[in-house]
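As structure tokens, the structure follows; a few thoughts come after it.
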Amino acid sequence: MKLVTYRTEGRGDRIGAVVHDRVVDLSALLPADDDRPGSSGDFPGGCAGPMVRFLAAGASALEAAAAHLRGLEEAWRAQDHPALAAVTLRAPLPRPGKIVAIGRNYADHAKESGIKPFEQPRIIAKLPSAVTGPGAVVVRPPGVAKLDYEVELAVVIGRRTKGIAREHALDAVAGYTILNDVSAREFQFDVSPAQTTFAKSMDGFCPMGPWIVTADEIPDPQDVALRLWVNGELLQDGHTHDMIFGVDRLIEYISTYLTLEPGDVIATGTPAGVGAFRTPPRWLQPGDRVRLEVSSIGALEHSIG
């Protein structure tokens, strides 16, 4: 399934599934208390939004959604469902509980940055308020000149997970999406001490989407290609088999120290080709158009303002 968070005119966030370029509303499958104030996706009081609540309902909610879609397929009526192009896609998780990012997790990226591969995953926080959706304009903050891009496979956690063994770690995954780990490199590389979390958490610095592809459709996350273009020029072309720490190892390691919860996101790192390590460096500029592709998921596009 391709799970989306979307809006139609005059309505708040809803969850759905993309079928034949139409959006099938799945909001009726949410727990009954999702209609309480604050569940519309605007997050007053820290409300997580409907997709997190849907994932928190567990495997039974995913199974119910799959069964609902199978039933519709038997007598498909396209006119009963809005066209994908007619709705506004939000980030599939507009406000995840936490985003755990992994630094320099691809061998080719570690090589281009001039460091030896880490012996353990390097953990970086990316604040949830940075999330924005497909088609967003990511505004370059005043005074930032070294704005950089990083195409990443993002792992969406589907169940509460603590201390899980590597051989069972993928059981905790609800699905996968695409994420651009936008970074202001001045705050990451040019100051002491480095302010890496700040550099990666400014407003809009986490374009995500366009949907979550459920884990059953990507049985091996180490067999996925990633690419990124700026203004039509291919700048990153990598593959998850080049990860130093695979998805299962990351979940095992992270869950040893902190509890992963439904709707949490792991940004698994980026392949070589980022702007900071090009000669000369290639920084994002207002007016740039960025396209990210991850095989088995699709494409995420946004621009720079």
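Rule-based calculations on the coordinates, nothing more; no lab input. Computed from a prediction, not measured in an experiment: that's the story for all the values here. All Cβ positions, even for glycine, are placed from backbone atoms using ideal geometry, and neighbour counts span all protein chains on display.
May I ask you to list the residues in region 1-16 that are in contact with a Leu (Cβ under 6 Å, 6 or more places away or on another chain) and of a type in the set (Gly, Ala, Ser)?
Once the filter is applied, which keeps residues that are in contact with a Leu (Cβ under 6 Å, 6 or more places away or on another chain) and of a type in the set (Gly, Ala, Ser), region 1-16 yields only Gly16.
Conditions tested, residue by residue: (1) of a type in the set (D, E, K, R); (2) surrounded by fewer than 16 Cβ atoms within 10 Å (Cβ to Cβ); (3) part of a loop (DSSP other than H, G, I, E, B); (4) in contact with a helix residue (DSSP H, G or I) (Cβ under 9 Å, 6 or more places away or on another chain).
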{"site": "Leu62", "(1), (2), (3), (4)": "no, no, no, yes"}
{"site": "Ala66", "(1), (2), (3), (4)": "no, yes, no, yes"}
{"site": "Gly71", "(1), (2), (3), (4)": "no, yes, no, no"}
{"site": "Leu93", "(1), (2), (3), (4)": "no, no, yes, yes"}
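Can you tell me how many residues within region 95-127 are farther than 18 Å from Ala184 by Cα, in contact with a Cys (Cβ under 9 Å, 6 or more places away or on another chain) and not in a loop (DSSP other than H, G, I, E, B)?
Final tally of qualifying residues: 0.
Which residue, of Arg249, Arg227, Arg282, is under 26 Å from Pro142 (Cα atoms) and among the charged types (D, E, K, R)?
Values: Arg249 fails: under 26 Å from Pro142 (Cα atoms); Arg227 fails: under 26 Å from Pro142 (Cα atoms).
Testing whether each residue is under 26 Å from Pro142 (Cα atoms) and among the charged types (D, E, K, R) leaves just Arg282.
Restricting region 97-138 to residues that are of a type in the set (Lys, Arg) and more than 18 Å from Thr177 (Cα to Cα), which is surrounded by the most Cβ atoms within 10 Å (Cβ to Cβ)? First the steps, then the outcome.
Filtering region 97-138 down to residues of a type in the set (Lys, Arg) leaves 98, 104, 111, 116, 122, 126.
Filter once more, keeping what is more than 18 Å from Thr177 (Cα to Cα): 104, 111, 116, 122.
On the way: Arg104: 20, Lys111: 14, Lys116: 8, Arg122: 15.
Among residues in region 97-138 that are of a type in the set (Lys, Arg) and more than 18 Å from Thr177 (Cα to Cα), the one surrounded by the most Cβ atoms within 10 Å (Cβ to Cβ) is Arg104.
Gly263 - would you say it is in a loop (DSSP other than H, G, I, E, B), small (Gly, Ala, Ser) and out of contact with any Lys or Arg (no Cβ under 7 Å at 6 or more places or on another chain)? Break it down stepwise before answering.
On the way: in a loop (DSSP other than H, G, I, E, B): yes; small (Gly, Ala, Ser): yes; out of contact with any Lys or Arg (no Cβ under 7 Å at 6 or more places or on another chain): yes.
Judged against the criteria, Gly263 is a match.
Results for (1) closer than 29 Å to Met51 by Cβ; (2) free of Cβ contacts under 8 Å to residues at least 12 places away in the same chain, shown as yes or no for each residue.
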{"residue": "Ala225", "(1), (2)": "yes, no"}
{"residue": "Glu233", "(1), (2)": "no, yes"}
{"residue": "Gly238", "(1), (2)": "yes, no"}
{"residue": "Glu252", "(1), (2)": "yes, no"}
{"residue": "Gly273", "(1), (2)": "no, no"}
{"residue": "Arg291", "(1), (2)": "yes, no"}
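How many residues does region 211-236 contain that are surrounded by fewer than 16 Cβ atoms within 10 Å (Cβ to Cβ) and assigned to a strand (DSSP E or B)?
Number of matching residues: 3.
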